[in-house]
Structures are given as structure tokens and as C-alpha cells.
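The values are calculated or read from the model by the stated rules, or taken from the named source; none is laboratory data. Keep in mind that what you see is a predicted model, and the values were worked out from it rather than measured. Cβ placement follows ideal geometry from the backbone for every residue including glycine, while neighbour counts extend to all protein chains displayed. What goes into the accessible areas is simple: the full protein's heavy atoms, side chains included, and nothing from ligands, DNA or RNA. Shrake-Rupley method; radii C 1.70, N 1.55, O 1.52, S 1.80 Å.
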Protein chains: 2
Amino acid sequence: MPNLYVALAHYPVVNKNGDIIASAVTNLDLHDISRAAKTYGVKSFYVVTPLKDQQVLAQRIIAHWISGTGAAYNPARRSALEKIKVIDSVADVVEDIKGRENKYPATVVTSAHRYPESIGYEEFRNVMKSGQPHLLVFGTAWGLAEPFISKADYVLEPISGASDYNHLSVRTAAGIILDRLLGV
Amino acid sequence: MPNLYVALAHYPVVNKNGDIIASAVTNLDLHDISRAAKTYGVKSFYVVTPLKDQQVLAQRIIAHWISGTGAAYNPARRSALEKIKVIDSVADVVEDIKGRENKYPATVVTSAHRYPESIGYEEFRNVMKSGQPHLLVFGTAWGLAEPFISKADYVLEPISGASDYNHLSVRTAAGIILDRLLGV
């Protein structure tokens, strides 16, 4: 099994004007990314938001499918949503992983922009073969804030298709990136 | 550019009990799959439903982003949602493509199950190199109905990750499959 953790950051991200904001939690982000995380053997899926009301909202969605009526209706969703931990900050995620692995994870971020130091998917597959813990962070809204990206250990190449259109949803991007890194 | 069309079928699909149903349109399916279609150079994205009220709902969502306040707010969404055509049946999609291409498309369907005749992604990439039109059909709800699958020209292999969990959302599956077929 890969030693990979995933975080979906609602802070620090940017809005369409480039201002740093905390974004709102989107119900289907939790469903889609937890199901992809489960499919590809990701160890935990962290939903990161400093906003208490958004944490409550996320917990309520998860509880419905884990212990509420949704759990009986759809056990496949239950087993995916059980992978989610709601947490205050990416720094707290890193500490949580340290607690589990007895070692800090290397962080890898995603961006729709290319950086001089961007790493390709095949190359990062090889990096992960070390078995060391890695934390893959996705940004909501218009993407992760620049100061956060520049502190990461790795930046993945943007996803490119047949066009120069580059506006995938974070749900779709997360699925594609997990497939590129962990698909068989 | 690839000569590929995509359809999202809300009929004929099955519910969790295996009954053939017409499912409801999901707002984010239109957004996510149109953005993936635009990214990967898909020619058109057909939203297939025989239910008139669901056609109206889909048209209303699209209109908001193409000519409503959404168009000014987010031009990137506009250019993706412009790829959508709402249509009654897959048979009508095939005729629409015939009208554009002067040739019927070969149909390729997706399924979470493996069939003896399933075709791999690399192999289907090669098939598409002919430049002939192909129509890739995704099913909503619990997937496309069996009689529909058996009439298709090709069935793609299921997506496999590091686990045997196989419950991706159709939004995520569509993104991953387009990336496997058209990603660079």
C-alpha cells in the first residue's frame, strides 16, 4: 500500500481576485475525494478548515453517512467517508501524521500553474517508492495561496490535456492526480 | 484534436436494486464533466435525459453560466458549459454526431465491472488514432443498464486503484478516463 495522505485545504487559498481567503466546504468534495482516496489506497483524507461552522457542517455530512440513515442506505459511501478527518490547519495535519508514522511527511502540492521546480508524475511515483510518508495537498476555490506553495517540498506539474484550458474542479483534479500517482 | 464525443446518460441506468430507471440531473455533473471535456478537447458533451423537467433544469443551469450573471462572473465556466447539449436519448446523440461528421460514431461505454471483451486504455487510445468519430458514454446512478452496455462497440476496462474498492463518482471517473484516453 502507498504511504500517502491527502488534504483538501479551505485555507490558505485564493479567490478569483487573488486575495487569500478561507473557502466554504462543498458537500460533493467530501464525497468524491473520499471515494477516490479509498479507491487508490490513501491512508487518510484530511478536510482542513479553520472555520468552526464549516467544521460542524463537514462533521454533520460525514456523520449522516457513517452513523446516520445514510450508513444503512449506502455502505460503500460509509467506508469512504470514514477516511475523513476534519482538522484546523495543514500544520495540524502534519503533526497528526507524525503521530501515526513517527516521522514528518514530505509535502507535495498541486497547482494549475507550472513552476521551475515542478515534478512530473512518473518522477513522483518513484519518490513515493521509498515508503516514506507523503502528504498531498489540494486547494479549493482558485487554488492554494502562493506562500503556502513555496514552502512545500514538491510541486506537481499541472494536468495537461489536449487544450490549454486549465480549469478542472478540485474533485476532478484530485481523481486524475491520484490515478496518475497510484493507478495500476 | 481527438475526434471524441462524451455523453452522460440519465437513462437507461440502474438503481441500487438493479432496476432500470431515469435518474435526476446533478448540477455538479454538468460543471465537472464539461470542464474536463473542455480540458481534454472533447468535441461536445451531451446530457441525456428523456424527462422534460430534468431537461428544463439542465438548460436553466447552463443558461445561468452562458448568458446569465454567471457568464460575467466566471468566463471559464461559460466556455466549458457551452460544450453541453441536452438531448432525449443516446440514439439522438448518435444521429446528432452523424449530422456533424457525416458518419456514425462507434460507441464506447464505461462500467465498474470487467467484461470478457473489455478494452484497455492504451489499446483504445490506438483505436482513436484512426480519426473516426467515437462516442464515450458514462452512466449516472448505479451505472448503465446491462442491455445498453451489451450493444456498445467497446467496453472500457474498469478503473483500478490500489484497493478493490470500486465506487468512484461519475464525475471523478469521467475525469480519470478522459485523462487516460487523452492526457498528455
Query - Net charge of neighbours whose Cβ lies under 11 Å from the Cβ of B:Y121, counting Lys and Arg as +1 and Asp and Glu as -1 - result: -3
Report task. Using a Gaussian network model of chain A whose springs link C-alpha atoms within less than 10 Å, name the residue from A:S34, A:S67, A:S111 with the highest mean-square fluctuation. Result -> A:S67
Report summary line: antiparallel share of DSSP beta bridges within chain A, to nearest 5, in %, is 10 percent
Query raised in the report: Treating the beta-carbon of each Lys and Arg as +1 and of each Asp and Glu as -1, no other charges, what is the dipole magnitude of chain A about its Cα centre, to the nearest 20 debye?
Result: 620 debye
Report task. Could you look at the stretch B:105-184 and say what percent of its accessible area is carbon and sulfur, using a 1.4 Å probe and all protein chains? Result -> 50 percent
Report task. For the protein assembly as shown, give the share of DSSP beta bridges that are antiparallel, in percent and rounded to the nearest 5; count only bridges with both residues there. Result -> 10 percent
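Can you give me the span-like helices of chain B, meaning DSSP H runs with 15 Å or more of Cα extent along the axis and Kyte-Doolittle mean at or above -0.5?
Helix filter hits for chain B: B:52-66, B:90-101, B:170-182.
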Requested in this report: For B:V86, list long-range residues whose amide hydrogen, built 1.01 Å from N in the peptide plane, is under 5 Å from its own amide hydrogen.
Outcome: B:V47
Report task. Please compute P(r) over all alpha-carbon pairs of chain B, binned at 5 Å starting from zero, and give each bin as a whole-number percent. Result -> 1, 8, 17, 21, 22, 16, 9, 4, 1, 0
Query raised in the report: Can you give the average number of partner chain beta-carbon atoms within 10 Å of each beta-carbon in peptide A:108-115, as a whole number?
Result: 0
Query raised in the report: With every protein chain left in place, what is the accessible area of B:T49 in Å² (1.4 Å probe, nearest 10)?
Result: 0 Å²
Query raised in the report: Accessible area per residue of the protein assembly as shown at 1.4 Å probe, in Å²?
Result: 43 Å²
Query raised in the report: In square nanometres, what is one fourth of the surface area of the convex hull spanned by the alpha carbons of the stretch B:126-184?
Result: 5.1 nm²
Query raised in the report: Mean residue ellipticity at 222 nm from the helices of the protein assembly as shown, using -39,500 (n - 2.57) per DSSP H segment of n ≥ 4 over the full residue count, to the nearest 500 deg cm²/dmol?
Result: -12500 deg cm²/dmol
Report summary line: Rounded to the nearest 100 Å², the accessible area hidden between B and A, summed over both chains at a 1.4 Å probe radius, is 3200 Å²
Report task. Determine by what factor the alpha-carbon radius of gyration of the stretch B:80-130 differs from 2.2 N^0.38 Å, reporting the quotient. Result -> 1.41
Query - For the stretch A:1-67: rounded, prolate or oblate by the Cα gyration tensor [a/c cutoff 1.5] - result: oblate
Report task. Give the ranking of B:K83, A:K98 by solvent-accessible surface, highest area first, calculated with a 1.4 Å probe. Result -> A:K98, B:K83
Report summary line: Here the relative contact order (percent) of the stretch B:46-159, from C-alpha pairs under 8 Å and at least 6 apart, is 27 percent
Report summary line: Looking only at aspartates and glutamates whose Cα falls under 16 Å of B:K16's and that sit 8 or more positions away or on another chain, we get B:E146
Query raised in the report: Which of rounded, prolate, oblate describes the stretch B:14-103, given a ≥ b ≥ c as roots of the alpha-carbon gyration tensor eigenvalues and a/c under 1.5 marking rounded, otherwise prolate only if a/b is larger than b/c?
Result: oblate
